[in-house]
Amino acid sequence: PRAQGKGIPEAFVASEEKEDPKSGGEGHPSHMEAAKEVLESFASALTVMEPHNFKATVGTQVPFYFEAVVANSHLLGIAQILLANPNSSAAFCDALLHLVATRLPEVGPGDPGQAGQWGAASNSPGHGGAGAHF
């Protein structure tokens, strides 16, 4: 079953149900603890992929992952693990930057000519001078 018509499996969408206090207990992880462990294991498995395989599989699914994180913030833990691991950090960061770059028109200024004004402001007195170029 899919949630919210966005193609996100229901398992990845935050549930409004309260956790049953009886489900935890000694030696038995709660539903949330078990889900967190599964997500951490999944993310850890992704960190051992070769960079070209990572880009081909995970990199192409970053827009889907982004929408899933919007629906359930618990999935952000996957990104934290991928970005913290030196084996996957560069490839995942590349995929995230590509997503941001493709969606920049959605969040950027309405007038593309304003971008040129930022450069002019950095050279004016009181705005960092010549040393403020990035």
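Every number in this text was worked out from the coordinates using simple rules, so none of it is lab data. Because the structure is predicted, anything quoted here is derived from the model rather than measured. Positions of Cβ are backbone-derived with ideal geometry, glycine not excepted, and every protein chain shown enters the neighbour counts.
Here are a few things to note about the model shown:
- Two-site FRET efficiency, residue 38 against residue 101, from Cβ-Cβ distance with R₀ of 41 Å, rounded to 0.05: 0.85
- Calculated FRET efficiency for the pair residue 93/residue 30, C-beta based, R₀ 30 Å, to 0.05: 0.40
- Prolate/oblate/rounded label for segment 68-109 (Cα gyration tensor, a/c 1.5): oblate
- Cα gyration tensor shape of segment 32-111, rounded if a/c is under 1.5, else prolate or oblate by comparing a/b with b/c: oblate
- Cα gyration tensor category, rounded, prolate or oblate, for segment 37-81 with a/c compared to 1.5: oblate
- Whole-Hz ³J(HN,Hα) from phi, Karplus 6.51 cos²θ - 1.76 cosθ + 1.60, for segment 52-69, glycine and proline x: 5, 5, 4, 4, 5, 9, 6, x, 6, 9, 4, x, 4, 4, 4, 5, 5, 5
- Residue 48-residue 74 FRET efficiency (beta carbon distance; Förster radius 30 Å; 0.05 resolution): 0.85
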